[in-house]
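Take a look at the structure set out below.
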């Protein structure tokens, strides 16, 4: 029972640091920073992914080929490597100093956007040719057909892919530790290394936190998907 | 893997022309950025109360910042990131239990040593009494440390498992993944003192090396090196170096360890 009291104490002493980091001294961290990284990278990735998927569908062959090459490169690099190289190499090669948080957001956004572009492209392709013909028959141009006929149906098809990618992205924010960004996993490691002997308790709690965040997003996603069902 | 990346980055950086004098940059910015451990008590770790990185290395870094007359900003680091941070200009100095080696001297400059220790081992009781017994053992080390390098070169029959940091290696020892772990003796004394099941383990009764820890400085920054050296010498002369040591390794601390090295003993 003494051990149990110890564990409660351990959690009570560190919970604020794990949730918000050292916010009081102007250094937000922990779960709050994890959520910030995920929302920022997720928003940028979604916009870029949508643009990328549309460009793959509508673009000239030259643009499509370039885009496909960029996507192929991004998908082939481990996220951690991209973060590591951007953080340490850009200052040396280009003389620009990118802060850790910005590096992580950029790396996660780019890689997620590459995956999402393919999802968007596939989602648009899944809508039958008849729909494009229907748009034209109504006197709509190609872009108008895309906007008013194709995308409303395609986005519904894509939603599960987007949710998938957002969940992956939330978990990938833990890779920010490699450049010393104090997100949830990083601060948990700091606490674990001070306490030394409670890895099970600390990382159990961290696992639970990721589970709650990710499953909440999945639940919201499935609710949204149901609401979007065509009547 | 990270270590070879560090080498690649260093190779790239040394091929580029030198930038303006770093000491001027620091004074202009009003901030000294020092890479310190955030996970290695008592050298650098996150204080439970203040939520700031503190420790012996941080006290030394603070003295240097004071000498220059600027604010100290700590950049959290780990053994494998120390050289990349310095070479990429993300930190002005490294104060992270940084052992001086010839290999590292190719990439960074060092100040006078301000700490000395030797490579030691923690093992389950009775398993490790002599260096010969290392052959055939699974030994946990921290990635990118001199301990890892030394064992790889001199004890090829030992199976090494590299972990991100010492507490993780110690967890592996307690779980039975490895039979011993290796680090600086000073760090192991501290680690063992805090373990709840310390009666199961012991410090192996031999020391493989004598190592010196110093402040890492970007290559070619001679003014910065001499300023750091002056600060260190003053710390020793005024007795502050001893006070700092006693704060972390004195008789009343968790890891009492007599001071057997003074700044200036080794250049």
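The values are calculated or read from the model by the stated rules, or taken from the named source; none is laboratory data. Predicted model, so just to flag it, every value in this text is computed and none were measured. Note: ideal-geometry Cβ built from the backbone for every residue, glycine included; neighbour counts use all protein chains shown.
Side notes on the structure shown:
- Counted residues, the range B:66-99 - those being more than 14 Å from chain A (Cβ to nearest Cβ), farther than 23 Å from residue A:191 by Cβ and crowded, with 22+ Cβ neighbours inside 10 Å: 3
For (1) in contact with a helix residue (DSSP H, G or I) (Cβ under 7 Å, 6 or more places away or on another chain); (2) assigned by TED's automatic domain parsing to the domain that holds residue B:111; (3) modelled with pLDDT of 95 or more; (4) outside any helix (DSSP H, G or I), each residue gets a yes or a no:
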site: B:217; (1), (2), (3), (4): yes, yes, yes, yes
site: B:220; (1), (2), (3), (4): no, yes, no, yes
site: B:224; (1), (2), (3), (4): yes, yes, yes, no
site: B:228; (1), (2), (3), (4): yes, yes, yes, no
site: B:231; (1), (2), (3), (4): yes, yes, yes, no
site: B:234; (1), (2), (3), (4): no, yes, yes, no
site: B:258; (1), (2), (3), (4): no, no, no, yes
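- Looking only at residues in the range A:164-179 that are over 20 Å from residue B:163 (Cα atoms) and in contact (Cβ under 8 Å) with a residue 60 or more places away in the chain, the one that is surrounded by the most Cβ atoms within 10 Å (Cβ to Cβ) is A:173.
- Every test in (1) without any contact (Cβ under 8 Å) to a residue 60 or more places away in the chain; (2) under 19 Å from the mean Cα position of the chain (by Cα); (3) within 18 Å of residue A:191 (Cβ to Cβ) is passed by residue A:31 save one, and that test is (1).
- Residues in the range A:91-121 that are free of Cβ contacts under 8 Å to residues at least 12 places away in the same chain and touching a helix residue (DSSP H, G or I) at 6+ places or on another chain (Cβ under 8 Å) were compared, and the one that is nearest to residue B:83 (Cα to Cα) is A:92.
- Every condition in (1) away from chain B (no Cβ under 12 Å); (2) touching a residue at least 60 places away in the same chain (Cβ under 8 Å) is met by residue A:148 except one, and the failing one is (2).
- Test: residue in the range A:192-212 that is touching a strand residue (DSSP E or B) at 6+ places or on another chain (Cβ under 7 Å) and at the interface with chain B (Cβ under 9 Å from one of its Cβ atoms): yes
- Residue B:202 being out of contact with any strand residue (DSSP E or B) (no Cβ under 6 Å at 6 or more places or on another chain) and more than 14 Å from every other protein chain (Cβ to nearest Cβ): yes
- Only listed residue being surrounded by fewer than 18 Cβ atoms within 10 Å (Cβ to Cβ), over 16 Å from the mean Cα position of the chain (by Cα) and modelled with pLDDT under 90, chosen from A:208, A:200: A:200
- Restricting attention to the range A:87-112 and to residues that are over 18 Å from residue A:181 (Cα atoms) and within 14 Å of another protein chain (Cβ to nearest Cβ), the residue that is surrounded by the fewest Cβ atoms within 10 Å (Cβ to Cβ) turns out to be A:96.
- Test result for residue A:33, in a helix (DSSP H, G or I), within 14 Å of chain B (Cβ to nearest Cβ) and touching a strand residue (DSSP E or B) at 6+ places or on another chain (Cβ under 8 Å): yes
- Per the listing A:182, A:225, the residue uniquely under 23 Å from the mean Cα position of the chain (by Cα) and surrounded by 15 or more Cβ atoms within 10 Å (Cβ to Cβ) is A:182.
- The residues in the range A:14-28 that are in contact with a helix residue (DSSP H, G or I) (Cβ under 7 Å, 6 or more places away or on another chain), outside any helix (DSSP H, G or I) and either at pLDDT 95 or above or more than 10 Å from chain B (Cβ to nearest Cβ) (or both) can be counted, and the count is 1.
- Selection status of residue A:115, part of a helix (DSSP H, G or I), modelled with pLDDT of 95 or more and closer than 24 Å to residue A:215 by Cβ: yes
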